[in-house]
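Here is the structure we will look at, set down as structure tokens.
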Amino acid sequence: MIEVRNVYKRYRTHRADDWVLRDINFAIPRGVNVGLVGRNGAGKSTLLRLIAGMDFADKGEIVRRCRVSWPIGLTGGFQGSMTGRQNVKCVARIHGNDRFMKAVIHRVEAFADIGKAFDQPVKTYSSGMRSRLAFGLSLAFDFDLYLSDEATAVGDKAFRAKATAAFRDKVGKAGLVIVSHSEGILKELCQAGLFLRDGHAYWFDSIDDAIAAYHESIKRS
């Protein structure tokens with residue numbers, strides 16, 4: 001479904017230009033859900049953006065043989081002066097869903113559950129409201145692979161439960177690559193694991209083994 005081949009990525013700043021990812025190689029088979037683990041700053045969000053095609057590797061390539069979502073939980077793509085409804089319409093047109101526009105809008109509005117704010121400019125939203133809108137928008141389209149960056153940690157307890165249930169519903173219908181600090185969520189939804197450390201990626205056929213390797217790395221540091 002997805003192949004990552006010899007991928008390198010770095011961000012040049014005034015302080016350093018160290019590689020965030022170095023010689024990353026792995027393949028995600030169809031029907032396998034993957035939990036992405038590693039310390040803060042290990043490159044998990046960067047890797048998700050690369051898989052989604054929202055950023056580009058400095059070296060190597062990513063081969064996609066399926067429709068991949070943008071990272072759920074990422075809220076930076078909204079046009080602030082447009083309302084939530086207008087943003088949804090814009091994204092629906094980009095994805096060729098003009099015929100099902102009303103259905104898409106209804107699904108997003110119902111899932112985000114932000115009330116009258118849906119028809120107010122996104123720049124007036126709180127970070128939680130933006131995340132709710134982004135989550136609902138992502139799930140309104142049928143992708144073969146969904147990417148999630150801490151999406152199940154958004155909002156109050158009721159919304160977190162709704163978000164987790166939405167991912168459960170995707171299991172068996174589409175693939176998932178999930179970044180989450182909740183090991184329970186990872187163990188429930190994922191079979192395989194990918195552990196990022198010092199710019200390198202280590203693939204495990206078992207999510208339990210990936211989490212164990214992550215914990216072991218913390219003990220040794």
Residues of the stretch 24-47 satisfying the condition of being part of a loop (DSSP other than H, G, I, E, B) and in contact with a Lys or Arg (Cβ under 6 Å, 6 or more places away or on another chain): Gly38
Can you tell me which residue within the stretch 166-184, out of those that are under 21 Å from Ile2 (Cβ atoms) and in a helix (DSSP H, G or I), is nearest to the chain's Cα centre (by Cα)? Phe167
Counting only residues that are part of a helix (DSSP H, G or I) and more than 21 Å from Ala165 (Cβ to Cβ), how many does the stretch 79-114 have? 17
Run Asp144 past the list (1) touching a Cys at 6+ places or on another chain (Cβ under 7 Å); (2) over 19 Å from Ala42 (Cα atoms); (3) at pLDDT 95 or above and report the number of the one that doesn't hold. (3)
Do we have Ala163 as buried (at least 22 other Cβ atoms within 10 Å of the Cβ), part of a helix (DSSP H, G or I), in contact with a Leu (Cβ under 7 Å, 6 or more places away or on another chain) and not charged (D, E, K, R) here? no
The lone exception for Glu61 - which of (1) part of a loop (DSSP other than H, G, I, E, B); (2) out of contact with any Ser or Thr (no Cβ under 9 Å at 6 or more places or on another chain); (3) farther than 17 Å from Trp203 by Cα it fails: (1)
Just to be sure I understand the filter: pairs with C-beta atoms under 9 Å, separated by 6 or more residues or on different chains, first member in the stretch 156-177 and among the hydroxyl-bearing types (Ser, Thr, Tyr), second member surrounded by fewer than 18 Cβ atoms within 10 Å (Cβ to Cβ) and not in a helix (DSSP H, G or I). Which pairs pass? Thr164/Ser182
I'd like the residue in the stretch 65-92 that is surrounded by fewer than 17 Cβ atoms within 10 Å (Cβ to Cβ) and under 19 Å from the mean Cα position of the chain (by Cα) and, out of all such residues, is modelled with the lowest pLDDT. Gly76
Here are Leu50, Leu21: which of them is under 16 Å from the mean Cα position of the chain (by Cα), outside any loop (DSSP other than H, G, I, E, B) and touching a residue at least 24 places away in the same chain (Cβ under 8 Å)? Leu50
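The values are calculated or read from the model by the stated rules, or taken from the named source; none is laboratory data. In this text, all values refer to a predicted model and were calculated from it rather than measured experimentally. Note: ideal-geometry Cβ built from the backbone for every residue, glycine included; neighbour counts use all protein chains shown.
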